[in-house]
Amino acid sequence: MLKIFYTLLLCFLLSPYIIKASNTGGDDKKSLVVSKLPVDLIIDGKLTESVWDDMPELSFIQRDPDEGKPSTQRQSIKIVYDEHYIYVGARLFDTAPDSIVSRVTRRDNFPSADWFMVFFDPYYDKRSGYYFAITPGGSIVDGTLYNDEWDETTWNAVWDYGVNIDEEGWTVEMKIPFSQLKFKKKESMTWGVNFKRVIARTNEQTYLVMTPKKESGFVSRFADMTGFGEISDIPALEIIPYIVQKGQFLVHDPNDPFYKSNQFKTSFGLDAKYGLGSNLTLDLTVNPDFGQVEVDPAELNLTTFETFFQEKRPFFIEGSNLVSFGNGGANNNWGFNWASINIFYSRRIGRTPIGSTGGGEYVDYPTETPILGAAKVTGKIGDGWSMYALNAYTPTTYAKKWDEGVVSEVEVEPQSNYTVLRSLKEFDNGKAGLGFIGTSTLRLTDYQPLKNRSSEGQFVGGIDGWINLDDDKTYVLTGAVSASLTKGDKNYITSLQRTPLHNYQRPDFTAATLDSSATSLSGYAARFALNKQKGNFYVNAAFGIISPGFDINDLGFQSRTNYANGHIVLGWRDYEPDDLFRNKQFYLSNWKSINLEGVQESAGSWLRTGFSLQNYWFIGFSGDINYGGFSSRQTRGGPLAQVPHGYSVNFNVESDFRKNFASSLYFGLNSKDNGSQYVYSELYFEYKPGDQLRITFSPGIETGNEVLQWVTAKSDPVYTRTYGSRYIFATMQQKTFFASIRADWTFTPTLSLQLFAQPFISTGSYSEFKQLKEGASSDYLLYGTNGSAISYDSNNDLYSVNPGDGGAPFTINNPDFNFKSIRLNLILRWEFVPGSTLFLVWTHDRTNFDDPGKFDFGRDFSNLMNSEANNIFLVKLNYWFNAAKLLF
């Protein structure tokens, strides 16, 4: 197997020399010249001003459906500017204007519709930039470009626009303030520019400068845009005050003395942006509103892994791509059991407090830590140098408790300061890059119970970069190295060593030793990868390592330590259409993971295929074989346990999502040699009854039979075969039903109503309780056999176990569960002027735990709907001021 892999790898590495590079459409560099605007414009999308009379017709090239062919429709585009704004005018001819798809949706959503997009590279670094997109219905999307080929929509600019449909097609006007863009102001500026047009009815996607599918690069190919003259020196200064009024109607004890004081809350705050020249921006926030408009998804976590939730707070989202670490340079970063490291995980700031109140008849416990203030600076500090600097402060946070009429406060979160510094230097038009990142978390408290639960400080630093190995940028080598230092009270450092992330207490652990007197913990991590960026042949290989003491979870996110992992991926991607398929792809990989004691934890092979059909349907299949190994996590801090061999298969099919009704199906099966098996299936339906309404419904069900579901550990010095403790598992029969329901009703591009609902039911029934017989084995003693005994006490809902080997009898609480929840959001958004928004929000949730271990959909759903509910009503208003106009 490995010989085949290495032979194919050699062929792939030599492929640039035996396969002629595809034609990218010619070597001639396209260019545009902007002109100074002589008169003011009315932005209505009608192009009636004389400045648009001589718009040049531009030739676009198809990427889909017929790559390399000219666009089937004509387009004329012109760009002009004045001291404060850059303007884009476009006449998009259409021979069938009655067939233009002008679907309307809320901002930053890409519906199936006709689109016009403009891309700018103001720094002319050929790696980054901005884009602005609009539909004939006036829906807009804007975002940033980075790493040459990647984009994200979290950045929102304040800009004006207009569209109009007429007998010749449709027209666009855009008015974009220079203050919204970062660039290095100088005489005779050159920007990169590109345009894209989408014609939905034929799925035609065309560009001024098109990147063939088998090639790489996007921003680096842009046309040159010259002709700039004088631009205003007035610095950008934006101020956005907000007010939030919240009413909470929650499940509560009628005698709770804290409930009424928390029921209605009013909060104020202020966000500000200031341009530090034309290439840096300072963002400030005072008492920020970091409340989430949309709730996190429901989940039931039976593992030792922390759940990763996406950031949804605007202050942290904007510019987050600048702190991406270890991913630059390559257009693919495969994982294959690699535990990804996020050095900056912004949801740590303002986290739920971690302290305990130590009891109390009634407790008023904060759901989040307030953020008094935060600031960040983003942009470029020189040719090829990007930077991101953030600092945030959270105060000491208290919970209140009531005992026999006496109210007292208990410190539950220490005052904390968070700092992030990130900079990246790119060389030779992105052929190489070198960056660093540093984070610090500082906490201050004299309260010993909190010292036992949180660090005094954590410091993380890292270096990353990439280098293209050839002038054609076909092969790129990427790498990242980082180190961490955590300091704190010895009680905290001891507990940190014992967490599932580190497991220093493991009795057969040889890579590190538990030190109960330590006041610090340190470690390192590194990963290197090779990626083939383009061509039909594909290869990716990587190796990474994480030491036992590496910990970044005060301000980052990680799920593994004591770990080394490597893989190789080979593939073939055929983009040439035939009678049946538009494109085809095949991937094959092999991976292996070991701990730093040299023990294999997992290894396997994986296959994936995908086919895009001529009717725009998609069919995909994947499967893997896992060769087993030894888990250092299965016993939750106990000895190694052998992991059985297994396999999985997955299948998915998607219909044509241009249609008003579309659907997809996903099916997965996972099976192990010990009899464990999971079956997962999910359907997705999308219905668009008109241009303004979109409804999606995604139900799914998962059934599983896990033979080795963790239950608990019991100390027993008599049982020395597993080092004086019994590690107890059971067979768990689990059934889970879930669904996501969304309705987006967009009345106008600036007024929308969104409904999101998520019912979730999961039950687990435990039986066949057993214990690991011996460390590093797959042998288990089933209770009730070989002299052991087990009985169930229904009155106390627990199991009594006699191990039958001279050890003391013990009890196990019945772990059966039946978790049911429903979460609902209803959000009305109205952007009444650019940058200023009114939100009306209703959040509803309810949970139920009746009938543990027994799944009956009708009964369970009825129990859920009959449970008491939490309802929160919120009104938020923010208003955008262009303070620069008032002050300068």
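Residues in the stretch 182-210 that are buried (at least 21 other Cβ atoms within 10 Å of the Cβ), outside any strand (DSSP E or B) and either modelled with pLDDT under 90 or of a type in the set (Ser, Thr, Tyr) (or both): LYS182, PHE183. Does the stretch 160-175 contain any residue that is in contact with a helix residue (DSSP H, G or I) (Cβ under 9 Å, 6 or more places away or on another chain), part of a strand (DSSP E or B) and either within 30 Å of GLY329 (Cβ to Cβ) or of a type in the set (Gly, Ala, Ser) (or both)? Checked against the condition, which is being in contact with a helix residue (DSSP H, G or I) (Cβ under 9 Å, 6 or more places away or on another chain), part of a strand (DSSP E or B) and either within 30 Å of GLY329 (Cβ to Cβ) or of a type in the set (Gly, Ala, Ser) (or both), the stretch 160-175 yields at least one hit. Can you tell me which residue is farthest from GLU83 (Cα to Cα) among those in the stretch 29-51 that are open to solvent by 40 Å² or more (accessible area, probe 1.4 Å) and of a type in the set (D, E, K, R)? Once the filter is applied, the top-ranked residue is LYS29.
What strands (runs of 3 or more DSSP E) lie completely within the stretch 600-704 and have 3 or more residues being small (Gly, Ala, Ser)?
Numbers: elements: 600-613, 618-626, 629-631, 641-643, 646-654, 661-672, 677-687.
Per the criteria, 600-613, 618-626, 661-672.
With the structure loaded, tell me whether VAL163 is crowded, with 21+ Cβ neighbours inside 10 Å and not charged (D, E, K, R) or whether it fails that test. It is true that VAL163 is crowded, with 21+ Cβ neighbours inside 10 Å and not charged (D, E, K, R). I want to confirm something. Restricting to the stretch 444-470 and keeping residues that are polar (S, T, N, Q) and part of a strand (DSSP E or B), which single residue is most open to solvent (accessible area, probe 1.4 Å)? Ranking the candidates gives ASN468 first. Right, PRO577: open to solvent by 10 Å² or more (accessible area, probe 1.4 Å) and in contact with a Ser or Thr (Cβ under 7 Å, 6 or more places away or on another chain) or not? No, not satisfied. Of all the residues in the stretch 569-628, those that are under 25 Å from the mean Cα position of the chain (by Cα) and aromatic (Phe, Trp, Tyr) number 5. Scanning the stretch 127-154 for residues that are part of a loop (DSSP other than H, G, I, E, B), surrounded by fewer than 21 Cβ atoms within 10 Å (Cβ to Cβ) and in contact with a strand residue (DSSP E or B) (Cβ under 9 Å, 6 or more places away or on another chain) yields GLY138, THR153, THR154.
What residue, among those in the stretch 383-395 that are outside any strand (DSSP E or B) and open to solvent by less than 40 Å² (accessible area, probe 1.4 Å), is farthest from SER128 (Cα to Cα)?
Checked the stretch 383-395; the qualifying residue farthest from SER128 (Cα to Cα) is PRO395.
Residues in the stretch 238-262 that are among the polar types (S, T, N, Q) and modelled with pLDDT of 90 or more: GLN245, GLN248, ASN255.
The condition of being of a type in the set (D, E, K, R), modelled with pLDDT under 95, buried (at least 17 other Cβ atoms within 10 Å of the Cβ) and not in a strand (DSSP E or B) holds for only one of ARG582, ARG560, that being ARG560. Test GLY355 against the criterion of being crowded, with 16+ Cβ neighbours inside 10 Å, modelled with pLDDT of 90 or more and in contact with a Pro (Cβ under 8 Å, 6 or more places away or on another chain), and give yes or no. Criteria met by GLY355. Scanning the stretch 221-272 for residues that are touching a Gly at 6+ places or on another chain (Cβ under 8 Å), over 30 Å from LYS182 (Cα atoms) and either open to solvent by less than 40 Å² (accessible area, probe 1.4 Å) or small (Gly, Ala, Ser) (or both) gives VAL244, GLN263.
Tallying residues that are within 14 Å of TYR87 (Cα to Cα) and crowded, with 22+ Cβ neighbours inside 10 Å within the stretch 166-177 yields 5.
Given the options TYR687, TYR723, TYR727, name the one that is surrounded by fewer than 18 Cβ atoms within 10 Å (Cβ to Cβ), modelled with pLDDT of 95 or more, over 31 Å from the mean Cα position of the chain (by Cα) and not basic (Lys, Arg). Full working, then the answer.
Numbers: TYR687 fails: over 31 Å from the mean Cα position of the chain (by Cα); TYR727 fails: surrounded by fewer than 18 Cβ atoms within 10 Å (Cβ to Cβ).
Exactly one of TYR687, TYR723, TYR727 is surrounded by fewer than 18 Cβ atoms within 10 Å (Cβ to Cβ), modelled with pLDDT of 95 or more, over 31 Å from the mean Cα position of the chain (by Cα) and not basic (Lys, Arg), namely TYR723.
Within the stretch 361-382, restricting attention to residues that are at pLDDT below 90 and part of a loop (DSSP other than H, G, I, E, B), the residue that is surrounded by the fewest Cβ atoms within 10 Å (Cβ to Cβ) is THR367. Only residues that are more than 30 Å from the chain's Cα centre (by Cα), farther than 25 Å from ALA96 by Cβ and touching a residue at least 12 places away in the same chain (Cβ under 8 Å): list them for the stretch 174-202, please. Across the stretch 174-202, the qualifying residues are LYS175, LYS184, LYS185, SER188, MET189, THR190, TRP191.
Could you list all residues from the stretch 129-140 that are over 26 Å from LYS184 (Cβ atoms) and of a type in the set (A, V, I, L, M, F, W, C)?
The answer is ILE134, ILE140.
Taken over the stretch 479-499, residues that are surrounded by fewer than 18 Cβ atoms within 10 Å (Cβ to Cβ) and among the polar types (S, T, N, Q) amount to 3.
The set of residues in the stretch 503-541 that are among the β-branched types (Val, Ile, Thr) and either part of a loop (DSSP other than H, G, I, E, B) or surrounded by fewer than 16 Cβ atoms within 10 Å (Cβ to Cβ) (or both) comprises THR510, THR513, THR519.
The values are calculated or read from the model by the stated rules, or taken from the named source; none is laboratory data. Just so you know, these numbers come straight off a predicted model, no measurement behind them. Backbone-built Cβ (ideal geometry, glycine too); neighbour counts: all protein chains shown. Note: areas computed on protein heavy atoms with side chains; ligands, DNA, RNA excluded. Shrake-Rupley method; radii C 1.70, N 1.55, O 1.52, S 1.80 Å.
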